[in-house]
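Rule-based calculations on the coordinates, nothing more; no lab input. These numbers come from a predicted model, not from an experiment. Please note: Cβ atoms are built from the backbone with ideal geometry, for glycine as well, and neighbour counts cover all protein chains shown.
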Amino acid sequence: MLNRRDLYRFPWSKPDNPGGWVEVTDECTLSCRGCYRHKIEGHRPLDEVRQDIRDCRRITNCDGMAIAGGEPLIYPHIVDVVEFMARLKIKPTILSNGEKLTPALAKELKKAGLAKIHLHIDSIQNRPGWEGKNEAELNELRQYFADLLYETKGIQCGYHVTVFRNTLPYLPAITEWCKRNIHKVQHISFIAFRTLPNTPDVEYFAGGRRIDLRTLGDVPHDPSETNITAEEMFEEIADRHRDFEPAAFLNGSAQVETTKYLIAIYVGSRNGIYGVLGAKTVELVQVVHHLLKGRYLSFLRSPVVGRKVFILALVDPQLRRAFADHLRACFRDPRHLVSRIYSQSIHLHQPNELLDGQVNLCDSCLNMMVYRGKLINSCRLDEYRVFGTAIVPAIAR
Amino acid sequence: MPIDRKRMYKFPWSKADNPGAWVEVTDECDLSCPGCYRHRLEGHRSLEGVKNDILLCQRSTNCGRISIAGGEPLIYPGIVEVVDFIRRNRMQPVIFSNGQNLSRELAAELRKAGLHQIFFHVDSGQDRPGWEGRSESGLNDLRQFYADMIWDLGEVQCGFNVTVSRKTLPEVPSILEWVRRNIPKVQNVSLIALRGLDFSEGKRYMAGGKFIDTSHWQSGSSDSREISITSEEIYEVVERSFAETRPSAYLSGTARPETHKFLIILYLGSARKIYGTVGARTVEFNEAWTHLRKGRYMAGFSQPRIGKKIFLLAGLDREIRKALFRYLGTALRSPARLFDPVYIQCINIQQPNEILDGEVNLCDGCLNQMAYKGNLIPSCQLDEFRLYGGPIMEMTEKSGEGPGDGPSIRGPGND
């Protein structure tokens, strides 16, 4: 069981946030279930994208920014966007399905200053060539990309997995694979599937008018599909991985008790996992970074945290256990003495829920973007693009 | 000088990790102030219900202080017990009152029960019996009366709330003039911009999928200018009169992050002179350090007589550095000032709940969340829940019907 008081609530907010978001295109080579994006505009003009990046930085004070879409790697100016961001000293992360990622493009992006790629890979995508494969079998594809980026040297590798009822039981197997690859994989997000329910008891309004949700082309769904919680995903993983202990969280904007982000950070080397970082370490890293640099930390530029991290064992009981485990490992097998120490973050996300008159969003969301000069939640972009403003649900009483 | 966000600290507070929370003990009151969010529906609440709400707030917000509000909490029969209950649960009890029922005996009893601070709502819009027709500066006599009473009591901190309307905005400096002179006695002043529903032509409101009747809704105006004073406007008025004023921290709006919902100014000074303000760095360091040590954030100060040791931070904080220079300059001219104790005082400019372009813009990181039927809600929205079952949304067309016009979609489901 999770106890909130053992976890650190990130100190982030909209105007002081480590993350930002920009979309370069709404075109994509895949059509994944659960995707928020509709094809409306195609590739965006580079000047507009640059302006949004500048505005986003100004409004959010972000340390890193996600370049998303659509599929950003089919955007013709993707290298320019990365370069522009890196020049502003924002750490660029590309969110991609990986289909267009070649070793040559990876090298070019690295040269432009790309810090990280998050690859969206899951079994619901029905990728050409991987149809019918389950999540465990897709670890092979994940391995391919992890190796590719490891060999490129300098671009960190992360994954996104949308979680459905039928893929929930595979989370331990994916986690297992990630832990084994801690030297190659720095991040994974497990994102519970959500979509707007199209049922008779919910009406939708935008800008003071009733709207027809079918304009968004969303298909009806089974409500049990859209209620996976972060806690459920946690139980599923922790059941098999006893060392899976989250350190920090974000709560819901309308319902404070919901957990929107739940974050665990492993420390280990290619020879094995030693343990996790605790809440105190995460807190210290955030506040010290903010005091010194004036902004919160999105992620470290180098995934190698080194043995110096164990100094924090003085204040962090979780890290103390990890340090002890590391010492035991060194004693058993001297290779541990010389192997590099990495960190790997595992995020459990639980996106939007509808309440009457409000939407329960991620409070202090990392993925805020600029749309027409205004900061909005990126998950709601198409509400603005199609209806001009955010949708408000009304649930009949 | 316009507000520069880069020179301010954004408080790290959130719903789940917040220094403050709110509980209401009654919705009865002996005044009817314009801008009051509360309607008389339930009267005094049961002590049991109040205690449960306090514990729920503590659990869900991690708060270190609870504001006891209403209605007028001093007419609630169990008020002393509520204060005592909060104190016994290791939080600071703070009362928000109009002061009318505060006798010296009750004050002493509340102090004994562990009251940390009392905020008096005193302003000219209230039209108090005996003080009718007074201007804001005319009301400084009444403020002085309460400030002296709390000062004589000892141990309890004193604050004031002032609702700022278009009419009283120019009078803000005369209030602050008095407040600053009373820095030993007055720890907080909240200058709260008047807000309410916009009742102008064509505005209709909906909750729970139905249009609602707002004819009984108390706070609002058919003149939208009356309910649109921003914290920047109030700040400008303050800064024009007191040039050393600098805000050090803020809270932003939920729908419009560029709005300043709380704007905090921390004066440093003695009864004879304000030396300057505390800067963002010090506030940040204090919040971070308190949270690392105690596992929760802090609002307000444990020791308003902060002393000259605050000047040690001049090396890190340019605002304190400026205050130190003024202090040294003053001491050079009249060395006796070196013996004056140094106090800290907080001016909080607030721009409450509002609807901007159809979106509800609340205070992000609000200190005044409360429990209602087992859920945490912003206290300013309580009567939306009590009267209409949930938050109000604004409708622009009378029928509420109409297609959403927007670009057409190619893609999933529509290709």
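Placing a label point 7 Å from the Cα of B:Leu292 along the Cα-to-Cβ direction, the residues of the stretch A:1-24 whose backbone N falls under 17 Å of that point are A:8-12. Among the GluC sites (Glu not before Pro) in the stretch A:119-215, those placed in a DSSP loop whose Cβ has at most 14 other Cβ atoms within 10 Å are A:Glu131, A:Glu137. Candidate cross-link partners of A:Lys107 among the aspartates and glutamates, defined by an alpha-carbon separation under 15 Å and a same-chain spacing of 8 or more, comprise A:Asp80, A:Glu83, A:Asp147, A:Glu151.
A viscosity of 0.692 mPa s and a temperature of 37 °C, combined with the Kirkwood radius over Cα pairs in Stokes-Einstein, give a translational diffusion coefficient for the stretch B:129-225 of 203 µm²/s. Each of A:Trp130, B:Trp13, B:Trp178 has some number of other Cβ atoms within 10 Å of its Cβ, and from fewest to most they run A:Trp130, B:Trp178, B:Trp13.
In percent, what relative contact order does chain A have, based on Cα pairs under 8 Å that are 6 or more apart in sequence?
Answer for chain A is 20 percent.
Using only Cα coordinates, the Kirkwood hydrodynamic radius of the stretch A:41-193 works out to 16.2 Å. Per residue, the convex hull around the alpha carbon atoms of chain A comes to 139 Å³. Here the stretch B:154-196 and the stretch A:23-40 have alpha carbon centers that stand 52 Å from each other. Which aspartates and glutamates does B:Lys185 reach when only Cα atoms under 18 Å apart count, and residues fewer than 8 places away in its own chain are ignored? Qualifying aspartates and glutamates at Cα under 18 Å: B:Asp141, B:Asp148, B:Asp152, B:Glu155, B:Glu177, B:Asp340. For the peptides A:118-128, B:37-47, residues were scored by their other Cβ atoms within 10 Å and the scores averaged per peptide; the highest-first order is A:118-128, B:37-47. Here the sum of -39500 (n - 2.57) over DSSP H runs of 4 or more residues, divided by the residues of chain A, equals -8500 deg cm²/dmol at 222 nm, to the nearest 500. When the C-alpha to C-alpha distance is required to be over 19 Å, the pairs from B:Lys6/B:Lys261; A:Lys153/A:Lys184; A:Lys89/A:Lys374; A:Lys116/A:Lys153; A:Lys91/A:Lys153; A:Lys260/A:Lys293 that qualify are A:Lys89/A:Lys374; A:Lys260/A:Lys293. Under the simplified labelling scheme, the A:Arg180-A:Arg242 pair shows an inter-label distance of 2.1 nm, with each label point 7 Å from Cα along Cα→Cβ.
Once the chain from B:Asp127 to B:Asp148 is taken as fully extended at 0.36 nm per residue, the excess over their C-alpha distance is 5.3 nm. For the protein assembly as shown, a Kirkwood hydrodynamic radius built from all Cα pairs, placed in the Stokes-Einstein relation at 37 °C and 0.692 mPa s, yields a translational diffusion coefficient of 116 µm²/s. Per residue of peptide B:377-388, the mean number of Cβ atoms on other chains within 10 Å of the residue Cβ is 1. In chain A, the longest principal axis of the Cα atoms and the axis of helix A:46-60 are about 70 degrees apart. Extension gain, A:Thr229-A:Lys308: 0.36 nm per intervening residue step, less the Cα-Cα distance, totals 24.9 nm.
Counting Cα-Cα pairs of the stretch B:14-389 in 10 Å increments starting at 0 gives whole-percent bin shares of 5, 23, 34, 26, 9, 2, 0.
Take the Cα radius of gyration of the stretch B:260-356 and divide it by 2.2 N^0.38 Å, N being the number of residues; the result is 1.22. Taking the convex hull of the alpha carbon positions in the stretch B:75-186 and averaging its projected area over all directions gives 7.2 nm². For the stretch A:331-387, the set of trypsin sites (Lys or Arg not before Pro) satisfying both a DSSP loop assignment and a count of at most 16 other C-beta atoms within 10 Å is given as A:Arg340, A:Arg372. For A:Lys280, a cut-off of 20 angstrom between C-alpha atoms picks up these aspartates and glutamates, skipping any fewer than 8 places away in its own chain: A:Asp6, A:Asp243, A:Glu245, A:Asp316, A:Asp325, B:Asp17, B:Glu284, B:Glu287.
Report the extension gain between A:Arg58 and A:Tyr150 in nm, rounded to one decimal, defined as 0.36 nm multiplied by the number of residues separating them, less their alpha carbon distance.
Here the segment from A:Arg58 to A:Tyr150 would lengthen by 29.8 nm.
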